[in-house]
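The values are calculated or read from the model by the stated rules, or taken from the named source; none is laboratory data. On a predicted model such as this, the values are computed, not experimentally measured, just so you know. Backbone-built Cβ (ideal geometry, glycine too); neighbour counts: all protein chains shown.
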Amino acid sequence: MRSIVCRLALAGLVILSGLGVAGAEVLKEDNVHVRTWNAFARNLEQLHRRLTSVEGIEVRTSIGGYAGKPKFYTEEDYYLDGRLISRVQREREHPENLHAIEVYIRDEQGRVIRDYAAAFLPHYRNAPVQTLITLHRYNGDLHAFRSFDASGYRIVERCDGHLGKKEVQLLLDEDEIDDAIGDPNGIMATPEYRACFGDLAEKAGKYLQPQ
């Protein structure tokens, strides 16, 4: 099963694929965005290389794509001790072109505590169409994560599990997060939300630089 981060990245890819040239022009007009997100993708590749330049790495290769281009990219999944460390997709016709990348940072128990992703459109490659920095928190049976883009915007929060006998399923998008911040009677004031997110950082901070 694909990771949540990968599904979010691909969702952004599909949405902006439908924008065609118009979407590309939006990216071209924002030079700060282009520089920041391209630097993030480059740094993420460097982190991937550093984490996978160790003994015992297993690489699993497959081919993937989209409707009309079913063999657009080569995917390499890197494992260490059976745990996914990173996933890299490159265009088959132009292997120098990164298509998508994910990198996972784990704790001593093997749980993902931080992960990163970047994805490019098949065309108009002046910058990634999606970037994600995701911070994770575990509390008993609860697993929460909070995601930011490479510009530092808080864009999604999710928590699943059980708090006592109560099932918890929380999902907030960027607009819902903005509406909830500062609301004394909103979802962020509930016991479930506090148990999920607790002291999890509210800003990407130093992790805007993949590490």
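Just a yes or no: is a residue in the range 62-76 more than 18 Å from ALA204 (Cα to Cα), in a loop (DSSP other than H, G, I, E, B) and of a type in the set (Gly, Ala, Ser)?
yes
Would you point out the residue of the range 113-123, among those that are crowded, with 20+ Cβ neighbours inside 10 Å, in a strand (DSSP E or B) and among the aliphatic types (A, V, I, L, M), that is nearest to the chain's Cα centre (by Cα)?
My answer is ALA117.
Do we have ILE85 as at pLDDT 95 or above, under 14 Å from the mean Cα position of the chain (by Cα), of a type in the set (A, V, I, L, M) and in a strand (DSSP E or B) here?
Yes; evaluated as a whole, the condition is true for this residue.
Find all pairs meeting these conditions: Cβ atoms under 8 angstrom apart; at least six residues apart or on different chains; first residue within the range 35-61 and under 19 Å from ALA119 (Cβ atoms); second residue assigned to a helix (DSSP H, G or I) and of a type in the set (A, V, I, L, M).
So the pair list comes out as PHE40/LEU208.
Out of the range 141-172, which residues are surrounded by fewer than 15 Cβ atoms within 10 Å (Cβ to Cβ) and in contact (Cβ under 8 Å) with a residue 40 or more places away in the chain?
Hit for the range 141-172 is GLY152, nothing else.
Just one of ASN43, ASN126 is over 29 Å from TYR193 (Cβ atoms), assigned to a helix (DSSP H, G or I) and either modelled with pLDDT of 95 or more or out of contact with any Asp or Glu (no Cβ under 6 Å at 6 or more places or on another chain) (or both); which is it?
ASN43
Looking only at residues that are of a type in the set (A, V, I, L, M, F, W, C) and either outside any strand (DSSP E or B) or buried (at least 16 other Cβ atoms within 10 Å of the Cβ) (or both) in the range 46-61, which one is farthest from the chain's Cα centre (by Cα)?
The extreme case among them is VAL54.
Which residues, taken from the range 143-153, are in a strand (DSSP E or B) and either of a type in the set (A, V, I, L, M) or over 16 Å from THR36 (Cα atoms) (or both)?
Applying the first criterion (in a strand (DSSP E or B)) to the range 143-153 yields 143-148.
Selection gives HIS143, ALA144, PHE145, ARG146, SER147.
Only residues that are outside any loop (DSSP other than H, G, I, E, B) and at pLDDT below 95: list them for the range 185-211, please.
none
Of all residues in the range 65-108, which are surrounded by fewer than 16 Cβ atoms within 10 Å (Cβ to Cβ), in contact with a Phe, Trp or Tyr (Cβ under 9 Å, 6 or more places away or on another chain) and farther than 26 Å from ALA150 by Cα?
GLU93
Let me confirm something: among HIS162, HIS136, which residue is at pLDDT 95 or above, in a strand (DSSP E or B), farther than 23 Å from ALA39 by Cβ and under 13 Å from the mean Cα position of the chain (by Cα)?
Just a single option satisfies the conditions, and that option is HIS136.
For the range 195-211, enumerate the residues that are surrounded by 13 or more Cβ atoms within 10 Å (Cβ to Cβ), closer than 17 Å to LEU163 by Cβ and out of contact with any His (no Cβ under 9 Å at 6 or more places or on another chain).
Listed by number, the residues that qualify are ALA195, PHE197.
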